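Have a look at the structure below before the remarks.
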C-alpha cells in the first residue's frame with residue numbers, strides 16, 4: 001500500500017479532462033510536475049517535425065504555443081525518458097485524440113488540434129497533408145503501434161510510475177437534462193463508441209477509471225464552455241475519488 005503521507009508527483013498526458021480533475025485531488029498530497037496536452041499518441045511517437053515560427057506567433061496564449069510546439073516536437077517520449085523516474089503517477093486521457101492526426105508529405109504525423117484550427121495551421125495542413133480520423137482502421141493501427149512503443153518505454157524505466165487512464169464517457173446531456181452539443185460534429189454517442197477500442201487497448205498499460213454513461217453530465221457553467229467532455233463538478237469529484245482510492249490501494 002502506498003504511503004498516504006508521501007507527496008505524489010504527478011504528470012498529466014491528455015486534456016482538460018485530467019487537468020480539471022487534478023484540481024479536485026488533495027493538493028497537499030498530489031503535486032503536478034508536467035502537463036502535456038494536444039498531442040496524439042501517434043504524433044508523440046512519430047519523428048519530430050519543425051513548426052514554422054509564424055504559426056506559433058498566431059496563437060495568443062503561451063500555453064497554446066507550447067502545446068503546438070511540443071506536438072510537432074513529439075515531446076512525450078523525451079519527457080518520460082528524462083523525467084519518468086521522477087514521477088509517481090501518470091494521468092492519461094484520450095480526449096485529444098478526438099480530431100485525429102495529419103500525415104505530412106514526409107510521412108510524419110502531427111495532431112489535428114483546436115490550436116491548429118484557431119491559428120490557420122489546420123487549413124494549411126489540410127492542403128498539404130492527409131487526414132487520418134479517429135476510429136478509422138488506419139488510425140487504430142497507428143495508435144496501437146504507438147501504444148506498444150509507450151508500453152515498452154514505461155516498462156523500461158527503472159522507477160516505473162503508476163499509470164491511470166482517465167476515461168469517463170462523453171456526456172450526452174447537461175446538468176439540466178438538455179442534450180449536450182457536439183464537438184466539431186462529433187456527438188457523445190458517436191465518440192463513446194469510437195473510443196471503446198482505444199480504452200480497451202490502454203488497459204495493457206494502466207488502470208482505467210470510468211463510470212456509467214448516466215453519471216456523466218456537462219455544465220453550461222464550465223470555465224471552458226459547454227462541451228461533452230467539459231463535465232459538471234460532481235463528475236470531476238468522482239474521478240478524483242477514484243484516483244485517490246486507486247493510488248492508495250495499489
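None of the figures in this text is laboratory data; all of them are computed from the coordinates on show. Computed from a predicted model, the values in this text were never measured in an experiment.
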Proportion of all alpha-carbon pairs of the range 112-161 beyond 16 Å (%): 60
For the range 17-121: span of alpha carbons on each principal axis (Å, largest first): 45, 28, 23
Mean ellipticity per residue at 222 nm, deg cm²/dmol - from DSSP H runs of n ≥ 4 across the chain, formula -39500 (n - 2.57): -12000 deg cm²/dmol
Space enclosed by the convex hull of the alpha-carbon atoms of the range 119-250, per residue, Å³: 152
Relative contact order of the chain, defined on C-alpha pairs under 8 angstrom at six or more residues apart (%): 21
Alpha-carbon Rg/Rh ratio, for the chain, with Rh computed the Kirkwood way: 0.95
Fraction of beta bridges assigned by DSSP in the chain that are antiparallel (%, nearest 5): 30
Whole-number D in µm²/s for the range 184-225 (Stokes-Einstein; Kirkwood sum over Cα pairs; 10 °C, 1.306 mPa s): 127
Global geometry of the range 128-192, whether rounded, prolate or oblate, following the gyration tensor of its Cα atoms and the 1.5 cut on a/c: oblate
Cα centroid of the range 153-176 to Cα centroid of the range 29-103, whole Å: 16
